[in-house]
Amino acid sequence: MAETKREIERKYAADDGGLPDLTGVPGVAAVLDQGVAELDATYYDTPDLRLAAASVTLRRRTGGSDAGWHLKLPVSPGVRDEIRAPLSGT
């Protein structure tokens, strides 16, 4: 079964001091090190790159907790809907 999530992407620059302490940010209860996940992703597009031109991303990912098909569709600048579907044998 497919699942849709709204994704809001923001990019920030950090100085050489590493990551800031986020535990004081409202809504952040804890910051945990969950180790390293090995991911493998294959991205798909048409021969004329029509998906990329429309800011659409289609990938198949294995590994990690969100293995499956991921289709990302633009909603507005910096906002995309991601539709996920599990991998299957077919």
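Brief remarks on what is shown
- Residues D33, D40, D81 ordered from highest to lowest accessible area at a 1.4 Å probe: D33, D40, D81.
- Relative contact order of the chain, defined on C-alpha pairs under 8 angstrom at six or more residues apart (%): 33
- Distance in nm between pseudo-label sites at V56 and T4 (7 Å out along the Cβ direction from Cα): 1.4
- Considering the chain at the alpha-carbon level, its Rg and Dmax are found to be 16.5, 48 Å.
- Rolling a 1.4 Å probe over the protein heavy atoms of the chain, with every protein chain left in place, gives an accessible area that is 55 percent carbon and sulfur.
- Full extension of the chain between Y12 and A85 yields a length gain of 23.3 nm, computed as 0.36 nm times the residue separation minus the alpha carbon distance.
- Restriction of the chymotrypsin sites (Phe, Trp or Tyr not before Pro) in the stretch 2-90 to DSSP coil positions whose beta-carbon has at most 10 other beta-carbons within 10 angstrom yields Y12.
- Extension gain (nm, one decimal) between D48 and A30, 0.36 nm per residue minus Cα-Cα: 2.0 nm
- Surface exposure of the chain, expressed per residue as accessible area with a 1.4 Å probe, stands at 82 Å².
- For the chain, the longest site-free run once trypsin sites (Lys or Arg not before Pro) in DSSP loop states with at most 11 other Cβ atoms within 10 Å are removed: 12-90
- Inverse of mean 1/r across different Cα pairs in the stretch 20-68, Kirkwood, Å: 14.1
- Along the chain, counting only GluC sites (Glu not before Pro) with a DSSP assignment other than H, G, I, E or B and at most 12 other Cβ atoms inside a 10 Å radius, the longest segment between sites is 39-90.
The values are calculated or read from the model by the stated rules, or taken from the named source; none is laboratory data. Model, not experiment: these values are computed from the prediction. Every residue, glycine among them, receives a Cβ derived from its backbone with ideal geometry; neighbour counts consider all protein chains shown. Just so you know, the surface numbers come from the protein's heavy atoms only, side chains and all, with ligands and any DNA or RNA stripped out. Shrake-Rupley method; radii C 1.70, N 1.55, O 1.52, S 1.80 Å.
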